[in-house]
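Shown next, in structure tokens, is the structure this report addresses.
The values are calculated or read from the model by the stated rules, or taken from the named source; none is laboratory data. Quantities reported herein were computed from a predicted structural model and do not represent experimental measurements. Counting neighbours? That spans all protein chains shown, and the Cβs are built from the backbone with ideal geometry, glycine included.
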Amino acid sequence: MSSWVRPEGTFRLRQADIPLALIVAYAVTLLAIPTDVGFHLGALVLSPSRIILSALAVLVVVDGSLRDALHAAPKAVLVAWLAFLASAGVTTLLYHSTQALVRYGSLAVEGLVLWVIVWCIARDRRGSHVLHLTIVLTTTFVAGATLLLAVLGLGYGDVLRSLSGLAVERSTDIRFGVLRQEGSFSAPLFFAIWLAGASMLILPWLEEERPLRRILAWAAWFILLLATVATVSRIGIVVELAGTGVYFLLRKRPRTGIVMLGLALIVAVFMAGITLPTFFPSRTGSPPPASAHASAHASAPASAPASAPPTARPTQNADERALEGSTTLRIEGLKAAWRVVLQKPLFGWGLLSAAPVLSAASGHPNYVDNTYIQILVELGVLGFAAFALLIFAALGMAVRLPWSAVHVSRLLALVMLLGTAALASFLSITQGYAAFVLVLALVTVGAPAAHPETRSG
């Protein structure tokens with residue numbers, strides 16, 4: 001991406017510009033506005049992004065674009081999407097509820113339909129550029145606004161909810177003396193994952209030949225990094241630095257790449273030293289309840305007994321105990337998941353069931369922080385296999401495309417989201433998996449011509 005995208009010719013609105021403008025509006029509202037801001041109809045929230053996506057879907061159906069996109073779409077990815085929805089559909093029929101039906105509809109519309117629409121529009125070089133740029137600018141704006149509001153003691157989401165007339169129920173979570181800001185996403189962990197993934201999309205502009213553009217790109221990258229640090233997400237901070245290092249190594253700039261990887265290693269070692277759980281025989285108590293990101297999940301059964309905090313090491317402070325407890329909860333969730341999956345291995349326990357099922361199996365509130373475990377618990381082995389097929393189909397197609405700077409950045413963003421999914425169930429919220437689908441579509445459509453090589457740095 002060697003230059004900023006500018007409309008060619010006159011400013012006359014072309015027919016092709018209408019769906020592109022709608023998908024840009026969808027990306028902006030999806031990433032900038034919390035999912036609970038909108039019109040509430042029972043279990044369904046008509047957020048601005050969903051309203052725009054509905055209008056876009058009608059438009060592409062009427063003008064025939066959706067039919068053409070389905071005909072030209074990569075068959076392996078399309079079949080994997082259909083298999084995933086079919087598996088989820090069977091599970092939803094077996095264990096149906098209002099919330100499960102709403103979630104299944106969301107998976108279909110903001111999963112398969114969104115992917116097809118984005119793939120259709122982004123096949124055009126200009127559409128691909130504009131959507132890429134929109135994601136970067138919107139995420140950077142949200143990150144910057146989040147940091148600024150944090151200085152004033154305000155939450156980004158709280159401000160928008162207040163403006164929309166929604167009640168604000170803020171539960172602060174402080175670690176290392178920093179209020180964990182969650183931006184437009186429902187919890188700090190989800191926000192950190194998207195910040196790290198979106199930071200990869202900035203990387204091609206870090207190689208801009210014009211100094212001003214390169215400085216602006218580095219400024220945007222640092223804003224995303226600072227916002228990630230403010231979330232105190234260990235995995236988010238590490239993967240953002242490590243992903244940037246890998247990018248520069250692939251782009252044959254070894255010095256910059258090694259520096260970034262070195263910083264990632266230092267942060268990882270530091271975090272591991274204070275957060276890895278220790279298991280002593282005297283520790284009979286259960287870990288403390290999950291912190292900020294737990295609020296993003298469905299509430300655990302009310303009958304679950306309260307847990308007593310574990311006996312802390314004498315040298316531990318409150319921050320270390322909190323982070324260690326979070327890690328312990330993840331390990332407990334994995335152990336409980338193994339037991340419940342064996343009880344219903346094929347079709348799982350139903351959509352949105354992971355948190356209450358694992359809480360019941362653990363004997364106290366627990367929240368699955370792993371997308372793959374969440375799918376395995378809720379949709380069983382068949383649903384997990386279908387999701388794995390979707391991922392491998394998309395990655396298999398992506399690695400066969402020309403490896404330009406832009407494509408490498410998009411591929412790294414997708415890999416980063418998939419990697420951090422092992423430590424966060426971002427598919428448990430619509431905003432999370434819709435953002436994931438945006439990147440998935442960008443990766444599978446290919447990328448513009450390679451960025452001019454720059455000297456090693």
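Assorted remarks:
- Residues in the range 232-255 that are part of a helix (DSSP H, G or I) and among the charged types (D, E, K, R) were compared, and the one that is surrounded by the fewest Cβ atoms within 10 Å (Cβ to Cβ) is Arg255.
- In this structure, Glu182 does not qualify as assigned to a loop (DSSP other than H, G, I, E, B), acidic (Asp, Glu) and modelled with pLDDT under 75.
- Leu137 being out of contact with any Leu (no Cβ under 9 Å at 6 or more places or on another chain), under 30 Å from Val229 (Cα atoms) and not β-branched (Val, Ile, Thr): yes
- Matching option when the condition is under 25 Å from Val136 (Cβ atoms) and modelled with pLDDT of 80 or more, among Leu82, Leu78, Leu46, Leu30: Leu30
- Members of the range 33-59 found to be free of Cβ contacts under 8 Å to residues at least 40 places away in the same chain and assigned to a strand (DSSP E or B), listed by number: Phe39, His40, Leu41, Val45, Leu46
- Residues within the range 17-58 that are touching a strand residue (DSSP E or B) at 6+ places or on another chain (Cβ under 9 Å) and of a type in the set (A, V, I, L, M), tallied: 4
- Pairs where the first residue, in the range 206-234, is free of Cβ contacts under 8 Å to residues at least 12 places away in the same chain and closer than 20 Å to Val406 by Cβ and the second is among the hydrophobic types (A, V, I, L, M, F, W, C) and part of a helix (DSSP H, G or I), C-beta under 8 Å, 6+ apart: Arg214/Trp205; Arg214/Leu206; Leu216/Trp205
- For the residues Leu203, Leu195, Leu147, Leu160, the requirement of being modelled with pLDDT of 85 or more, part of a helix (DSSP H, G or I) and surrounded by fewer than 24 Cβ atoms within 10 Å (Cβ to Cβ) singles out Leu147.
Every residue, every condition in (1) at pLDDT 90 or above; (2) touching a Cys at 6+ places or on another chain (Cβ under 6 Å); (3) not hydroxyl-bearing (Ser, Thr, Tyr), yes or no:
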position	(1), (2), (3)
Glu320	no, no, yes
Leu323	no, no, yes
Glu332	no, no, yes
Val341	no, no, yes
Ser353	no, no, no
Ala361	no, no, yes
His364	no, no, yes
Ser409	yes, no, no
